[in-house]
1. Which ones in the range 162-188 are in contact with a Gly (Cβ under 8 Å, 6 or more places away or on another chain), open to solvent by 20 Å² or more (accessible area, probe 1.4 Å) and not in a loop (DSSP other than H, G, I, E, B)?
2. Within the bounds of the range 44-55, is there any residue that is modelled with pLDDT of 95 or more and either more than 23 Å from Asp236 (Cβ to Cβ) or of a type in the set (S, T, N, Q) (or both)?
3. Exactly one condition in (1) open to solvent by less than 50 Å² (accessible area, probe 1.4 Å); (2) more than 30 Å from Leu70 (Cβ to Cβ); (3) out of contact with any strand residue (DSSP E or B) (no Cβ under 8 Å at 6 or more places or on another chain) is false for Tyr259; which is it?
4. Can Trp229 be described as among the aromatic types (Phe, Trp, Tyr) and touching a Phe, Trp or Tyr at 6+ places or on another chain (Cβ under 9 Å)?
5. Of the residues in the range 230-248, how many are open to solvent by 20 Å² or more (accessible area, probe 1.4 Å) and of a type in the set (A, V, I, L, M, F, W, C)?
6. Only residues that are open to solvent by less than 10 Å² (accessible area, probe 1.4 Å) and more than 16 Å from Asn307 (Cα to Cα): list them for the range 87-98, please.
7. What are the residues in the range 125-161 that are modelled with pLDDT under 95, surrounded by 12 or more Cβ atoms within 10 Å (Cβ to Cβ) and closer than 16 Å to His99 by Cβ, if any?
8. Give the residue that is modelled with the lowest pLDDT, with candidates limited to residues of the range 1-36 that are open to solvent by less than 40 Å² (accessible area, probe 1.4 Å) and under 27 Å from Thr233 (Cβ atoms).
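The values are calculated or read from the model by the stated rules, or taken from the named source; none is laboratory data. If you're wondering where the values come from, they're calculated on a predicted model, not measured in any experiment. We place every Cβ from the backbone using ideal geometry, glycine too, and count neighbours over all the protein chains shown. Ligands, DNA and RNA are stripped out before the accessible areas are found, and what is left, the full protein with its side chains, is counted by its heavy atoms. Shrake-Rupley method; radii C 1.70, N 1.55, O 1.52, S 1.80 Å.
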Amino acid sequence: MTTKKTDQLKTWNDGFGNIYCSSNEPERIVSWHSNPSKPTFTLPPGAVDAHCHVFGPMAQFPFSPNAKYLPEDAGPEKLFALRDHLGFSRNVIVQASCHGTDNSATLDAIRKSNGKARGVAVVDPAIGSDKLAALHEGGIRGVRFNFLKRLVDNAPKEKFLEVAARLPKGWHVVIYFEADILEEMRSFIDAIPVPVVIDHMGRPDVSQGPDGKDMQAFRSLLESRSDIWFKATCSDRLDAGGYPWADFVRSVAPLVADYPDRCLWGTDWPHPNMQDDIPNDGHLVDIIPQIAPSSALQEKLLIMNPNRLYWSDQ
């Protein structure tokens, strides 16, 4: 679904060197379900949606001119309504790439959450200690390094390591990459001096199954450091078979079982760039008991682990 964009932005960079003006800007996209089902699985009290985003509202928080996609507004009110509809208690809001290094929209959503949200920022590696302290005060507890070339133009590893060494106490680094570059990422990950969270398990090919090369390579990464965490997320992105995402469940459930103290889960709402195959968030929640079948695993995945990372100071 798309909605025609008006002239709210004066220019738009499509990421390929083309600058658009208001007369020929691209359409804004909607990537979230308009009426997600109520999950049949009842989340345990205190459950955390540990990976979600906000978009805008653009009139208040303009998108980066270097953004690779231009979404419709999906602000905190929509996010918190979804939180309540699905049965979550808290959110971890991850800075979306369309907002670049301006974390104002994320901070605004945290501020409006009444203590029910924390966040992960994207920062300029040259950021000063005073600005990092301000982000901490605003509820940020980590920084994200994105290595997906279709989303970012530059991912300077040396500069990322420099800022990772200056993070406030208790912060971690979130890394987003695809499975085909895992091996070349290993030395960079080894050098990060704080805990590491891998977004979406580094996007393995789940059709290979739990013993496939992608999942085995990811297990090798987890074994290399005891402070590497992962998000058992994005069945809709990783499993081309569609709901109920059987390949995802088959590949990921053993990972959650073997590393129960290092896994997180989140909706990924509002599902950036999924406008052509929008997932039902109720269905996403309904596969949780398939990848974490016991109440003990569910409590770790949804409550204990995200609280250790994001609310340890409470």
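1. Passing the criteria: only Ala179.
2. First, pick out the residues of the range 44-55 that are modelled with pLDDT of 95 or more: 44-55.
Cutting the leftovers down to either more than 23 Å from Asp236 (Cβ to Cβ) or of a type in the set (S, T, N, Q) (or both) gives us 45-46.
Among the residues of the range 44-55, at least one is modelled with pLDDT of 95 or more and either more than 23 Å from Asp236 (Cβ to Cβ) or of a type in the set (S, T, N, Q) (or both), which makes the answer yes.
3. (3)
4. On the way: among the aromatic types (Phe, Trp, Tyr): yes; touching a Phe, Trp or Tyr at 6+ places or on another chain (Cβ under 9 Å): yes.
Yes: the conditions hold for Trp229.
5. Going residue by residue through the range 230-248, those that are open to solvent by 20 Å² or more (accessible area, probe 1.4 Å) are 237-238, 240-244, 246-247.
When the remaining residues are screened for being of a type in the set (A, V, I, L, M, F, W, C), the result is 238, 240, 246.
Qualifying residue count for the region: 3.
6. Within the range 87-98, Gln95, Ala96, Cys98 meet the criteria.
7. Those that are modelled with pLDDT under 95, surrounded by 12 or more Cβ atoms within 10 Å (Cβ to Cβ) and closer than 16 Å to His99 by Cβ: Asn146, Leu148, Leu151, Val152.
8. Just the residues of the range 1-36 that are open to solvent by less than 40 Å² (accessible area, probe 1.4 Å), to begin with: 5, 9, 12-15, 25, 28-32, 36.
Among the residues that remain, those that are also under 27 Å from Thr233 (Cβ atoms) are: 15, 28-32, 36.
Numbers: Gly15: 42, Arg28: 96, Ile29: 97, Val30: 98, Ser31: 98, Trp32: 98, Pro36: 98.
Among residues in the range 1-36 that are open to solvent by less than 40 Å² (accessible area, probe 1.4 Å) and under 27 Å from Thr233 (Cβ atoms), the one modelled with the lowest pLDDT is Gly15.
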